[in-house]
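Rule-based calculations on the coordinates, nothing more; no lab input. What you are looking at is a predicted structure, and each value in this text was computed from that prediction instead of being measured. Reconstructed Cβ throughout: ideal geometry from the backbone, glycine too, with neighbour counts over all protein chains shown.
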Protein chains: 2
Amino acid sequence: MVTKEQIHDSSLPVRERMEALIRWKQQEITSALAALDTVTFHTDKWTRGNTGGGGESMVLQNGTTFEKGGVNISIVHGKLPHEAVTRMKADHSNLKESAKDGSVDFFACGLSMVIHPINPHAPTTHANYRYFETTDPETKEVQAWWFGGGADLTPSYLYEEDAKHFHQQHKDALDKFDKDLYPKWKKWCDEYFFIKHRGETRGVGGIFFDDYDEKSPDEILKIVESAFDAFIPAYCPIIAKRKDTPYTPEQKQWQQIRRGRYVEFNLVLDRGTQFGLQTPGSRVESILMSLPATAAWAYDHHPEKGSDEDKLLEVLKNPVEWV
Amino acid sequence: MVTKEQIHDSSLPVRERMEALIRWKQQEITSALAALDTVTFHTDKWTRGNTGGGGESMVLQNGTTFEKGGVNISIVHGKLPHEAVTRMKADHSNLKESAKDGSVDFFACGLSMVIHPINPHAPTTHANYRYFETTDPETKEVQAWWFGGGADLTPSYLYEEDAKHFHQQHKDALDKFDKDLYPKWKKWCDEYFFIKHRGETRGVGGIFFDDYDEKSPDEILKIVESAFDAFIPAYCPIIAKRKDTPYTPEQKQWQQIRRGRYVEFNLVLDRGTQFGLQTPGSRVESILMSLPATAAWAYDHHPEKGSDEDKLLEVLKNPVEWV
């Protein structure tokens, strides 16, 4: 079992502290979500080959609040082939390949989660925090390393107060360390979760960052923990408030159409999903855990001007500064 | 209005004869399908800019037999940019670019259709036949040209007699011209419609071909017409036989999961869909018309060994020679 002390013990390598953090958060977040439902999470442990690490997928299906939700952690390591190293060098010039075969040893760990509630007034959410490092093939010392992650909200119906609350919690978590982070990562989120072929964002955003190594690993780990800590107070109160809102079959159908767009983003555009599906030996069920239990596509569907459905589309087409 | 004579008039350019064929077939196929339903097709005409051509999408939604179906034709032309020409030269060395900007004039037309019935015992189908040509930017003469297309069947429950019937109709249509075509195109179909990350084919196959220019355009047009002619007798009798088969909610749910796999193939792997979504100015609604009205994803779903659901998976994992 991990302890909170491990996360904060600066005598430990960052990789071990980040692993402790994601293991801690997986338990904390699944407990907080399960408290909003009558059904609980099912855990699957998996391994990547014999020696490449593995992970734990925790999945809740057909609950009374949540239709489908997954909170997955993975802790993997191995050798990056020469071609992957060459691509990475564009952003990380300090990567040093093995003289033998041009490979690089890597370690990666992260938590990735997607939660789809049943009620169309209760928003879907996604969060992901990850750490990546490479080690010198001869000395075994850490070479390049970076953090990435974020959290975002995808409602079918717009409640401005929910969007503001979700953003405010994450802004507060980042402002404590650096007031430039939230504005930059909020914009990055809007740009990343943009469904190009639809001309709309996936949801009302949140924060997103990648390749982050501009402070010390110790300081970034604190920032990541703070953003992580913001997740439960940012999301759970919204679900508590919306999960029992009465809804019509038409509102449920609109949610299904929005879920179709969610599927489009994840399968067509999400780099993590595409990378995962193309990686031999990856665990497909853990990657596609992000897909909703149900989704719909209606040909050439356009909500009535001025309707609640149209109001959502307006903010997806023109991202808003929520806080 | 097109006439059947135009299709067979060898004094006309192939592009006009193929356009006549797809227009004719769109009417014939939508009429045959509508005869199996109480709801009919809705037609949308669209144009690509002011001078780039356009198309007609015919869509049926929420019918009594069909949940969603679209039969789309497009007839487009314009200039291929230099980079696209460079890629195409790998397969078509006779492409001659404009001396000015390295572009090439192109013309493309085709019919593309996907039909999703309501009843889980009634299979989904897809068919597509297309013609592409480039013209010399100076002389306006046809340079490279090729045909592509095919038709395939995607059942949720395996009826061997249906798979055999669908394949036999298409084999007969091709054997009249060249007995090598069916075996080659049947194999190509199994290979193309393979969901790599699932290790299974999308359905029980059919025929698929691309870049086909190994006979005279006049002869290939006859082969394409013959394959096209096979579609209605290959598919409609199966629907007539299966559309009123009683089914359980569990069977409907299995169909929804299979539709999830259909979405995965189309969004992650289908080259036509990816090309379309990346092409600025393309009509997204016509491209994504292929998606089912509803789909589902269940985490780590595996049917019981020996069940009807498992029997389908067996043939998707190990493609069968149906005829």
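Observations on the model:
- Angle of helix B:308-317 to the longest C-alpha principal axis of chain B, folded into 0 to 90 degrees and rounded to 10: 30°.
- A Förster radius of 22 Å combined with the Cβ-Cβ distance from residue B:38 to residue B:1 puts the calculated FRET efficiency at roughly 0.25.
- Across A:175, A:91, A:44, mean-square fluctuation computed from a Gaussian network of chain A (C-alpha pairs under 10 Å connected) peaks at A:91.
- Top positive-direction residue, dipole computed over segment A:4-317 with Cβ charges, set A:81, A:238, A:182: A:238
- In terms of its alpha-carbon gyration tensor, segment A:284-323 comes out oblate; a/c meets the 1.5 threshold, while b/c is at least as large as a/b.
- This ranking places B:252, A:4 by how few other beta-carbon atoms lie within 10 Å of each, fewest first, which gives A:4, B:252.
- Restricting the calculation to alpha carbons of segment A:205-284 gives Rg and Dmax of 17.9, 51 angstrom.
- Selected from A:62, A:72, A:94 as most flexible by GNM, with chain A as the system and alpha-carbon contacts under 10 Å: A:94
- Loop GluC sites (Glu not before Pro), segment B:261-323 (other Cβ atoms within 10 Å of the site Cβ: 11 or fewer; DSSP): B:304, B:321
- Over segment B:4-317, relative contact order from alpha-carbon pairs under 8 Å, at least 6 apart, %: 16 percent
- Three-way shape call for segment B:118-196 based on the alpha-carbon gyration tensor, with the a/c threshold at 1.5: prolate
- Spatially proximal lysines relative to residue B:45 (Cα-Cα < 21 Å; intrachain offsets below 8 disregarded): B:25, B:68
- Other residues whose C-beta falls under 15 angstrom from the C-beta of residue A:9 contribute a net charge of 0, scoring Lys and Arg +1 and Asp and Glu -1.
- Measuring how big segment A:6-100 is from its alpha-carbon positions, Rg and Dmax come out at 18.0, 56 Å.
- Karplus-derived HN-Hα couplings along segment A:170-186 (A = 6.51, B = -1.76, C = 1.60, θ = phi - 60°), whole Hz, x at Gly and Pro: 6, 4, 4, 5, 8, 4, 3, 9, 6, 6, 7, 5, 4, x, 5, 6, 5
- Modelled FRET efficiency - R0 56 Å, residue A:252 with residue B:214, Cβ distances, 0.05 increments: 0.60
- Each 10 Å bin from zero holds the following percent of Cα-Cα pairs in chain A: 5, 26, 35, 23, 9, 2, 0.
- Fewest-first ranking of B:86, B:154, using other Cβ atoms within 10 Å as the exposure measure: B:86, B:154
- When both segment B:54-116 and segment A:1-72 are represented by their alpha-carbon centers, they are found 46 Å apart.
- Protection-proxy order for peptides A:286-293, A:233-240, each taking the mean of Cβ atoms within 10 Å per residue, highest first: A:286-293, A:233-240
- Antiparallel beta bridges, as assigned by DSSP with both residues in the protein assembly as shown, represent about 100 percent of the total such bridges.
- Shape analysis of the protein assembly as shown places it in the prolate category; the axes a ≥ b ≥ c from the Cα gyration tensor give an a/c of at least 1.5, with a/b above b/c.
- Computed from backbone phi with θ = phi - 60° and the Karplus coefficients 6.51, -1.76 and 1.60, the 3J(HN,Hα) list for segment B:122-137 is 9, x, 6, 9, 9, 9, 7, 9, 8, 10, 9, 9, 10, 10, 4, x Hz; x is used for glycine and proline.
- Each Lys or Arg adds one and each Asp or Glu subtracts one; over the other residues with Cβ under 14 Å from the Cβ of residue B:49, this totals +3.
- Where chain B is rotated onto chain A, the residue of B whose Cβ comes nearest the axis, and that gap in whole Å, is B:267, 2.
- Summed over qualifying helices (DSSP H, 4 residues or more, each -39500 (n - 2.57)) and divided by its residue number, the protein assembly as shown shows a 222 nm mean residue ellipticity of -12500 deg cm²/dmol.
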